[in-house]
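In what follows, a single structure is set out as structure tokens and then discussed.
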Amino acid sequence: MHSLSQEIEGFSKTNLRKQRTRVTTVTGRRTVETWRDSLLQVEEDTDQDPETVCGYVEDHSLDLQIGVIKPWLLLGSQDAAQDLDTLRKYKVTHVLNVAYGVANAFPDDFKCKSISILDLPETDITSYFLECFDFLEQVKKEDGVVLVHCNAGVSRSAAIVIGFLMHAEGLNFARAFSTVKNARPAICPNPGFMEQLHKYKVTKKVRQTE
């Protein structure tokens, strides 16, 4: 835990390594997103055979891991959101989809809310907080269970859940980040989201002392 705290406190863009993420769109098109120093490059996945592109998401390495933040608050990838057995296993009643271009797989079976957010460092993730938080609060009032997901369940949805814990429970960034990281170790909000969450912590602290 001490090392995680040091990692959070010592966060700096200059320490970030180049990251590559393979993305499959709903049309089956595959791209590789590479970002470093707040710059994102998107290019075609050269490992893809053009003739294998289909009209749906084809993913041979499913990520069905669910991060249980609270008994009613879950975090995962689009794979989990599109796997009915997984949703039933965790007794999901609601789905908060913050991916871009990913349709809800079971709109008739669950109460779904879609908010298209781009996973870019310059995206103002905090501008989506109110709408997302209102939905999450409603789920809690209804005694439901919500799965929050984006594409990989790593950046956008993680940032939303971290922000929600800060907002709803008054946690500082370190505590909220640690809670979500422990539940789903794969999370890694992009540098822009990390900076905004740090500032959101400061904003909340200022408001509480007014």
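The values are calculated or read from the model by the stated rules, or taken from the named source; none is laboratory data. Quick caveat: nothing in here was measured; it's all calculated off a predicted structure. Every residue, glycine among them, receives a Cβ derived from its backbone with ideal geometry; neighbour counts consider all protein chains shown. Heavy atoms of the whole protein, side chains included, go into the accessibility calculation; ligands, DNA and RNA do not. Shrake-Rupley method; radii C 1.70, N 1.55, O 1.52, S 1.80 Å.
List of remarks:
- Test result for Q196, modelled with pLDDT of 95 or more, open to solvent by 30 Å² or more (accessible area, probe 1.4 Å), of a type outside the set (D, E, K, R) and in a helix (DSSP H, G or I): yes
- Residue in segment 127-148 that is among the small types (G, A, S) and at pLDDT below 95 present: no
- Matching residues in segment 74-115 - criterion: being in contact with a Gly (Cβ under 9 Å, 6 or more places away or on another chain), assigned to a strand (DSSP E or B) and surrounded by 19 or more Cβ atoms within 10 Å (Cβ to Cβ): L74, L75, G76, H94
- Cβ pairs under 6 Å, 6+ apart, first in segment 105-122 and of a type outside the set (D, E), second open to solvent by 50 Å² or more (accessible area, probe 1.4 Å) and modelled with pLDDT under 95: S116/Y100; L118/Y100; L120/L40
- Residue check for D119: assigned to a loop (DSSP other than H, G, I, E, B) and open to solvent by 50 Å² or more (accessible area, probe 1.4 Å): no
- Subset of segment 171-187 [outside any helix (DSSP H, G or I), over 17 Å from L147 (Cβ atoms) and either open to solvent by less than 50 Å² (accessible area, probe 1.4 Å) or among the aliphatic types (A, V, I, L, M) (or both)]: L171
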